[in-house]
1. How many residues, within segment 209-237, are under 13 Å from residue 123 (Cβ atoms) and buried (at least 20 other Cβ atoms within 10 Å of the Cβ)?
2. Within the set of pairs 6+ apart or on separate chains, which have a first residue in segment 113-140 that is touching a residue at least 24 places away in the same chain (Cβ under 8 Å), a second that is part of a helix (DSSP H, G or I) and surrounded by fewer than 17 Cβ atoms within 10 Å (Cβ to Cβ), and C-beta atoms under 7 Å apart?
3. Would you mind stating whether residue 208 is closer than 30 Å to residue 400 by Cβ, outside any helix (DSSP H, G or I) and out of contact with any strand residue (DSSP E or B) (no Cβ under 6 Å at 6 or more places or on another chain)?
4. Could you tell me which numbered condition residue 295 fails, if it satisfies all but one of (1) more than 19 Å from residue 352 (Cα to Cα); (2) without any contact (Cβ under 8 Å) to a residue 24 or more places away in the chain?
5. Scan segment 313-344 residue by residue and report those that are surrounded by 13 or more Cβ atoms within 10 Å (Cβ to Cβ) and touching a strand residue (DSSP E or B) at 6+ places or on another chain (Cβ under 9 Å).
6. Does residue 174 satisfy being touching a helix residue (DSSP H, G or I) at 6+ places or on another chain (Cβ under 8 Å) and at pLDDT 75 or above?
7. Given the criteria surrounded by 14 or more Cβ atoms within 10 Å (Cβ to Cβ), modelled with pLDDT under 90 and in a loop (DSSP other than H, G, I, E, B), does residue 266 qualify?
8. Just to check your reading of the model, which residue among 73, 85 is farther than 30 Å from residue 222 by Cβ, surrounded by 15 or more Cβ atoms within 10 Å (Cβ to Cβ) and at pLDDT 90 or above?
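The values are calculated or read from the model by the stated rules, or taken from the named source; none is laboratory data. All values derive from a computational prediction rather than experimental measurement. In this analysis, Cβ positions are derived from the backbone assuming ideal geometry, glycine residues included, and neighbour counts consider all displayed protein chains.
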């Protein structure tokens with residue numbers, strides 16, 4: 001067998017092999033095509049079912065408005081001085097929790113102690129002056145009695161002189177002198193009565209406790225006691241100390257901000273919704289809140305307290321001038337205040353300024369669009385008046401300087 005014969009045999013064998021392989025390839029290709037079609041059909045069915053479910057969910061689910069332009073808000077209670085002084089003690093620092101009434105700062109009370117002692121001395125002097133005025137009334141009354149007695153004696157002397165003059169026993173000059181004595185004593189009586197009236201006018205209708213001079217001295221004592229009490233600064237609310245700027249030994253003037261106290265149990269959310277989202281938003285609608293600090297593991301529940309009185313631009317330092325020729329409409333955002341559940345806030349505390357995501361359920365639209373009038377948040381602060389010990393001290397000073405006079 002030569003070379004040409006061998007090549008021809010190999011060619012014929014290859015042709016036969018191709019003839020046998022072609023049907024197998026066609027069968028595999030058609031099977032793969034059917035599998036691809038089946039996969040596409042399944043994928044299309046899944047997409048169609050998902051679209052149907054999404055449409056049903058969207059139609060049947062309650063309407064909601066959501067925004068992530070929301071932040072935690074709260075009261076930042078500024079601690080300031082009411083009287084100037086030098087800081088001699090610091091009892092709290094940043095991040096420290098303090099209770100209401102806890103000591104924060106002490107100022108040097110030396111000057112106020114001296115002023116209080118001076119006011120107490122003036123009160124004692126006022127009480128003694130009142131005591132002298134009461135004594136002046138008694139003195140003037142005694143002087144009237146004495147002058148009246150002298151006047152009666154002068155009248156009797158004048159009557160005797162006149163009888164004696166009728167008999168020629170005394171001269172007319174002596175009678176004239178006796179008459180002058182009567183006039184002088186009568187004038188003394190009038191002078192004594194005037195003195196008594198003047199003394200009575202200073203104390204008439206009053207006691208030591210409502211005498212004008214004594215009341216003025218009591219007011220000075222109270223004022224000095226209040227200034228002394230201002231030297232001790234305590235926390236007006238319970239919260240966490242922040243923004244401490246005062247240092248030990250620093251001289252501070254009245255009204256100087258020293259630190260702040262943030263009550264973390266009275267926080268709220270300020271959510272800035274677009275104006276196009278406010279159509280169905282009402283006061284009292286439920287809200288769900290997710291804080292970035294906790295992620296989706298913690299969900300807060302609250303309610304809408306009210307909508308802001310204007311957009312952020314309306315209250316900015318430089319409000320926009322929309323009357324200019326180059327005007328571009330920009331969708332505005334309006335702050336919406338949301339109250340938090342105190343129990344949830346206690347379990348998972350928040351901080352002022354943290355970012356949150358809020359979702360408002362607007363399906364119930366029966367509430368008002370504007371919140372009713374409510375007192376401002378933050379509570380009340382106790383009045384610093386020196387306490388009941390000041391009144392006890394005033395009564396003690398009056399009793400010591402008054403004696404038996406009332």
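1. Number satisfying all stated conditions: 7.
2. The qualifying pairs are 137/200.
3. yes
4. Answer for residue 295: the failing condition is (1).
5. Initially, segment 313-344 is screened for residues surrounded by 13 or more Cβ atoms within 10 Å (Cβ to Cβ), giving 313, 320, 332-341, 344.
313, 332, 333, 334, 335, 336, 337, 338, 339, 340, 341, 344 - these are the residues of segment 313-344 that are surrounded by 13 or more Cβ atoms within 10 Å (Cβ to Cβ) and touching a strand residue (DSSP E or B) at 6+ places or on another chain (Cβ under 9 Å).
6. no
7. Numbers: surrounded by 14 or more Cβ atoms within 10 Å (Cβ to Cβ): yes; modelled with pLDDT under 90: yes; in a loop (DSSP other than H, G, I, E, B): yes.
Yes: the conditions hold for residue 266.
8. Answer to the selection: 73.
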